[in-house]
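Structure first, commentary second.
Please treat every number below as a calculation from the coordinates, not as lab data. As the structure is a prediction and not an experimental result, all values here were calculated from the model. All Cβ positions, glycine included, derive from the backbone under ideal geometry; neighbour counts span all protein chains shown.
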Amino acid sequence: MIAPRWKKVLRDLWGNKTRTVLVVLSIAVGIFAVGAVTHTFTIVSQELAITYPKANPAAATIYTEAFDDDLVQMVRRMPGVGEVEPRTMTVVQMKVGDEWKSLYLFAISNFDDIRINKVAPQGAYEAAPDFHAERGTWPPGDHAVSLERSSFLVPGFVPANLQVGDKVQVRFSTNSPVRDLQVAGLAHESTFYPAPFVNSAYGYITFDTLEWLTGTRRPDTLYLTVADNKLDKAHITRVAEQVRNKIESGGRTVYNLQVPEPAKHPLQDIFSGLLLLLNLLGFMSLFLSGFLVVNTISALLAQQIRQIGIMKAIGARRRQIVVLYLVTVLLYGVFALAVAIPSAAFVAGQLSLYLAGFINVDFPDFSIPPGILILEIAIGLLLPLFAALFPIWSGTRVTVREAISDYGIQGSKFKIQKSKFNFWNALRAKFGILNYELRITNFLSRPTRLSLRNTFRRKSRLALTLLTLILGGTIFIAVLSVHASMNQTLEDVFKNWQFDILLPFERPYRTDVVEEIAQQMPGVTKVESWGYNSARRLRPDDSESEALTLFAPPIPTAMVQPEIVEGRWLLPDDENAIVVSTDTTRAEKDLKLGDEFTLKISGRKTTWRIVGVVRVVGFRGGIGVAYANYPYYARVIGQVGRAGSVQLVTDKHDTAAQLKIKKGLEDRYLLAGLRASSGGITSGQIRDNNEMFFNIITALLLSMAFLMAIVGGLGLMGTMSLNVLERTREIGVMRAIGASNGAVRGVILTEGITIGLLSAAIAILFSFPLGQALSALVGEAIFQLPLSYVLSVNGIIMWLVIVIILSMLSSFLPAYNASRLTVREILAYE
Amino acid sequence: MFWKRRKQKENAKGSNGLYQHGNAELIHLRRVVKTFDTAAGKFAALKDVDLRVDASEFLAVIGKSGSGKSTLINMIAGIDRPTSGEVFVGNTAVHKLNEGQMAVWRGKNLGIVFQFFQLLPTLTLIENVMLPMDFCNVHKSDERPKYAMRLLEQMEMADHAHKLPSAISGGQQQRVAIARALANDPPIILADEPTGNLDSKTADSVFELFEDLVKQGKTILMVTHDHDLAKRVTRAVQIVDGEVIEKGLADALPALTSEQLVAFTRRVDPEQYAPGAIILQRGAPVERFHIVLKGCVEIVVPQPDGAEKVVAMFSRGNYFGEVELLRGGTSIATARAASDAPVEVLRLDRATFDQMLEQSPELKAHIARVVQERVAENVAAQKGGAR
């Protein structure tokens, strides 16, 4: 049999369902946010740590001139080298609808014995059920391709309604013959960037197919692993440099040597950064949730003060009553867990799936890890207990006399009120505030004045409500400010790139020829040819850095509007001056403004002095980009009068138009015997690539903001309803002295809106520094770039609207109910 | 049961007839002062109050709104603490208990009945009655429903036992509240305007319940506005501006001013007599002035034939002893409690009586007149008897 006191607990929970739901949701929101984010974080990190090494990712990748099997065998025999895998990556065009789109093709020599960057056949694929990948063949035969499955993630990368066995039209370049390439099936490679990040489809072919398409059948990329110390990046770099030197000593040019972080997915840092941000927001909502619990429990106790007094009068000790309410709170926690655990698991599953799609890995197991479950249960039980401890402790302190006299608001608080009264009076007297205040409030109607006074009457309650709403609003606006800052950064970056098309060549050509052909191309309005090269820093210890993309524009240039972070931009008569990007100083930590350092460009060692640091977005990989003055650059590497790339401004600026002109120009150059490299890019493509990435983060940030709005709204609704409930008697008195329904509702609505607006005003103030901190975090963790910070005006307006609507909604219902009560009912309200 | 033995011990007098702290009465407030700090300054709710209530008394505390009567009850219940002074209930110095001790002590020794019933709205009636047993761990948990039901039966509320408070009338709620007050079988019931929220008929039946409880040996202190109800209790004190006035004194001697009543209330001594008991023996020296509070006092003079003659019957508000105190000498008649019911009187000693007359010339003149009349009556009675 349950003792009457526990029956009271259960009936209180059941009897006031609205309040129970409100408290349970408040707690659940906190558990949910932290649970979902931590769960996702765990799934993603665990699975990346397991899946990625399984594919045996390359410890180093060497891009060089085409080679044959002898080189592979030679490298394989070198000490310290583990496995070696030759590959070729080429870009062809595939007809998608009426357009020719890029298709990256990797040629693999032996599909049955792929040693590094393993590619596996993919069976049925959820993202493309109509393709029927389960019917595919593996490995792809002659004149056939196995498409990487992530190619299907973005519509438009491959032809619509593509099915296994269909043939797609491809050509190597505009002048090449169009070939019918059969789609043999799907493949899956978890070590390469997924198609959405490459911004085109890609697939795997044999070297025979490569020759059929391009005329060449030799590999130009060497993947290698090391025999031991597989996680030691320094060791891997040493081995890879030995291999590079060996290849170079054989007379081949090595274009680039990449040594990524060992056993780390290329996108892991970005996702870790993203999840860190989500975690931070998750814990903020937990904090908010705690406030909400404090708020609601205080209100609950305020409502039950009389009952507490009665229980004390009939012999209950304070300890017993404290336990009674703590058990109530624990039960709230248990209900909240019942809501939060499954929903957090579901969202974590969906979020992981979403992220898995972008990382292009499979997460087989969505079960809740015990650690997460324990965390959620701990939060669900401890957070409310902890949050409610103070309100319960102080709420149960009420004496029987205070409780049964009048809600305990007079007795013990008299002293405080009195002292405040005196303080304010003293202040008023001193500064004449009273007169000023009278003048101000005289403008307002008496009911409005009553609302304002009500708002400020219960200061501790007001403070709690305000804190909750301020916290919610601050995070909401800050999150949207991060979003606005990302967009602003994107805008700033594109101010940086004034060209529409950047077209590098496979080797330098005469400047006058390059520019003449470009100027004759319809749609091109401005042309500038640059020096363009891949350089490597020669460090003081003789080791070499990864590739640095070096641009050498004529100064002044119309194609770049640099965003200087430090130092200055290049001057026309600069000699060995160089301006590096923030990526460069981040990768080579010892470099700073004013330093001199050595670059190895086309085999020549050259010395440069850093005169400026700029922010650049759009060129990932290597150690970023740098700018040098063209005349000096051309002189030191012996390419005077020759251009490595051409930059163009076109009359139309959309991606499609840019790509069309780019392709046309490539064809014209080819006709003249000038070969453009595969590195050509349009500003539209840079924007698209970055925007997609921004959009993922935006979606996550917006859902977080939405969560904050819900939590804040819950807080406001709870407080307003309880405020009104507590004042039922006062409403009765107002009605008794002739207040109309409208007047009663008006007073309560005005109060709600005042609280909402006041909180919004303070939230706007606080959101500025928080938004700045979050933006810095997002910039650093995800973009490795400082964001241009702006406060989101939209966020402010949205929050104001939300707050006003919520405060109206949450005060209207209780106001409506209160105004319907008869005077007799209200005054008998006990 | 252990708790019962302990409670008996808590409330039992010692061999000297006094409780542990030297109080002769079950409830004794000694020079109790209570001041509240309000926005308007200090407010004295109780001013140096002395009050003694004997076991099995039914004391009404009457007074205007704000006079301090609820504060007085709160002092005894330990709901509020005196600013200065002492409160003894049985062997317990209530003013010295901390909050935790107070709650346990209160739960077991006091039953409190409130004006607005104050039943917990989410519990059924029987659960409300069981709640004090639950908090004070009285009875085994499986026996509590039985005890609670017995109390509800006593209050004629057993049929409604499983209803919620909102489903029954105010009068019925108050009966349940009384059942709850009796849950732990406390010796004392404190009732703060228990009938204030009830119609007169319902109030009457609630009052009858209280009268029954007094007959069962409970001591009841009841705050009330209702002067009619106050007449039906064994004793009433009036609170005027935080000071206690013995209602019997005020009723009997209307010539005294409020200040005089307050001052002399401190010096009156309530006394109870069993039916037929001698209060004053004829021929014995008289040192006290008596005011009848309850019951009937017979004034008896002996007849020459040895028989007794009742020459006067004194009831509530009448007094005797003034003749001897003023004229000196021994008692001219015997005063005894009527044989049908016990008698309660207020006693004042000679010094107090003299002071009273000295301070109130009006009273002095009045008493002198009464003495003259009574002596005349007495002489007539004796003459009549001789004849």
| By how many degrees, 0 to 90 and rounded to 10, does the Cα axis of helix A:370-395 deviate from the longest principal axis of chain A? | 30 degrees
| field | Residue (of A:Gln122, A:Ser810, A:Phe157) at the positive-pole extreme of chain A, dipole from beta-carbon charges | value | A:Ser810
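Place a +1 charge on the Cβ of each Lys and Arg in the protein assembly as shown and a -1 charge on the Cβ of each Asp and Glu, then give the dipole magnitude about the Cα centre in debye, rounded to the nearest 20.
The dipole of the protein assembly as shown has a size of about 4020 debye.
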| task | Would you mind checking which residues have amide H under 5 Å from A:Ala144's amide H? H placed 1.01 Å from N; only 5 or more apart, or other chain. | result | A:Gln182, A:Thr206
| query | Tally Lys and Arg at +1 and Asp and Glu at -1 over the other residues with C-beta under 13 Å from the C-beta of B:Glu358: what net charge comes out? | reply | 0
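Tally Lys/Arg at +1 and Asp/Glu at -1 over every other residue whose Cβ is under 9 Å from the Cβ of A:Val614; what's the total?
Values: positive: A:Arg615; negative: A:Glu563, A:Glu566.
Result for the neighbourhood of A:Val614: -1.
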| query | Most fluctuating residue of B:Gly196, B:Gly321, B:Gly306 in a GNM of chain B with Cα springs under 10 Å: which is it? | reply | B:Gly306
| remark: For segment A:661-669, in residue order, the Karplus 3J(HN,Hα) values (coefficients 6.51, -1.76, 1.60; θ = phi - 60°; whole Hz; Gly and Pro = x) are 5, 4, 4, x, 5, 4, 5, 5, 4
| said: I'd like the GluC sites (Glu not before Pro) in segment A:1-108 restricted to DSSP loop residues with at most 15 other Cβ atoms within 10 Å, sorted by number. | reply: A:Glu65
| message | If you fit an axis through the alpha-carbon atoms of helix B:361-386 and take the longest principal axis of the Cα set of chain B, what angle between them do you get, 0 to 90°, nearest 10? | response | 70 degrees
| query | For segment B:141-232, what does the alpha-carbon gyration tensor say about shape, rounded, prolate or oblate, given a ≥ b ≥ c as the root eigenvalues, a/c under 1.5 as rounded, and a/b over b/c as prolate? | reply | oblate
| Which lysines have a Cα less than 20 Å from the Cα of A:Lys662, not counting those fewer than 8 places away in the same chain? | A:Lys95, A:Lys101, A:Lys526, A:Lys652
| Long-range HN-HN contacts of A:Gln163 with modeled amide H, under 5 Å | none
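Quick one: grab the alpha carbon gyration tensor of segment B:102-151, order the square roots of its eigenvalues as a ≥ b ≥ c, and give me rounded if a/c is under 1.5, else prolate or oblate depending on whether a/b is larger than b/c. All intermediate terms of the calculation are to be shown ahead of the outcome.
On the way: a/c = 1.86, a/b = 1.09, b/c = 1.72.
The shape class here is oblate.
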| Near the amide H of B:Ile245, under 5 Å away, which other amide H atoms are found, from residues 5 or more places off or on another chain, if H is placed in the peptide plane? | B:Gln238, B:Ile239, B:Val240
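What is the magnitude of the charge dipole of segment A:501-652 about its Cα centre, with +1 placed on the Cβ of each Lys and Arg, -1 on the Cβ of each Asp and Glu, and no other charges, expressed in debye to the nearest 20? Write down the numbers at each step before the final one.
Values: 19 positive and 20 negative charges, 41 e Å.
In total the dipole reaches around 200 debye.
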| remark: Once the dipole of segment A:60-258 is set up from charges on Cβ (+1 Lys and Arg, -1 Asp and Glu), the residue from the list A:Val84, A:Pro219, A:Ile62 lying farthest towards its positive end is A:Ile62
| With the dipole of chain A worked out from charges on the C-beta (+1 for Lys and Arg, -1 for Asp and Glu) around the Cα centre, which of A:Met559, A:Ala676, A:Thr137 lies farthest toward the positive end? | A:Met559
| Tensor-based shape of segment B:265-386 (alpha-carbon gyration tensor, a/c under 1.5 rounded, otherwise prolate or oblate) | oblate
| message | For Cα pairs less than 8 Å apart in space and 6+ apart in sequence, what is the mean separation divided by the residue count of chain B, i.e. the relative contact order in percent? | response | 15 percent
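Size of the dipole of segment A:60-258 about the Cα centre, Lys and Arg at +1 and Asp and Glu at -1 on the beta carbon, nothing else charged, in debye to 20? Walk me through the numbers on the way to the answer.
Numbers: 20 positive and 25 negative charges, 77 e Å.
So the magnitude is around 360 debye.
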| query | So which lysines can A:Lys605 reach, going by Cα to Cα under 24 Å and dropping same-chain residues fewer than 8 places off? | reply | A:Lys246, A:Lys589, A:Lys592
| field | Rounded tilt (10° steps) of A:4-15 against the dominant C-alpha axis of chain A | value | 60 degrees
